[in-house]
Amino acid sequence: PITPGELLCLGSSLAFSGLFYYLYRKKARVVARIQEAPKLQVDDNLPALVSAAEGRCLPYVALEGIVLPAQAALTSHYHEGLQGVIQKLLLKEHRLIWNSLARSW
């Protein structure tokens, strides 16, 4: 005989497995789209290409080219000769709305 506690554990295990599989498949599709992204060179034709695109936006594009640091390049403490730069950060603030039911913003 199966107890109600065992049925509850089995049901919750199946529900979590289904949820995690759904999230895995969703992220796998995004990764596949990123890997299939077209590779463009950073040159004088890039602004014209962006302005000609729908909505003036190119989704999932890999840009290749030489990057120059604004000040000094960052050097790795762990690998000699490895340098990098930090890309421009974009901060987008979302409008907060008071939820009176949950009493939170």
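The values are calculated or read from the model by the stated rules, or taken from the named source; none is laboratory data. Fair warning: this is a prediction, and the values are worked out from it, not measured in the lab. FYI the Cβ positions are ideal-geometry reconstructions off the backbone, even for glycines, and counts take in every protein chain you see. With ligands, DNA and RNA removed, areas are computed over all heavy atoms of the protein, side chains included. Shrake-Rupley method; radii C 1.70, N 1.55, O 1.52, S 1.80 Å.
Things worth noting here:
- Residue count, the range 81-105 (criterion: farther than 30 Å from residue 43 by Cβ and open to solvent by 100 Å² or more (accessible area, probe 1.4 Å)): 9
- Filter result for residue 78 (surrounded by 10 or more Cβ atoms within 10 Å (Cβ to Cβ), at pLDDT 85 or above and aromatic (Phe, Trp, Tyr)): no
- Qualifying positions in the range 55-105 - among the charged types (D, E, K, R) and within 21 Å of the chain's Cα centre (by Cα): 56, 64, 88, 92, 93
- Residue list for the range 36-63, restricted to those being assigned to a helix (DSSP H, G or I) and either surrounded by 10 or more Cβ atoms within 10 Å (Cβ to Cβ) or of a type in the set (Ser, Thr, Tyr) (or both): 46, 49, 50, 51
- Scanning the range 13-27 turns up no residue that is open to solvent by 80 Å² or more (accessible area, probe 1.4 Å), aromatic (Phe, Trp, Tyr) and at pLDDT below 95.
- Verdict on residue 97 being in contact (Cβ under 8 Å) with a residue 12 or more places away in the chain and out of contact with any strand residue (DSSP E or B) (no Cβ under 6 Å at 6 or more places or on another chain): no
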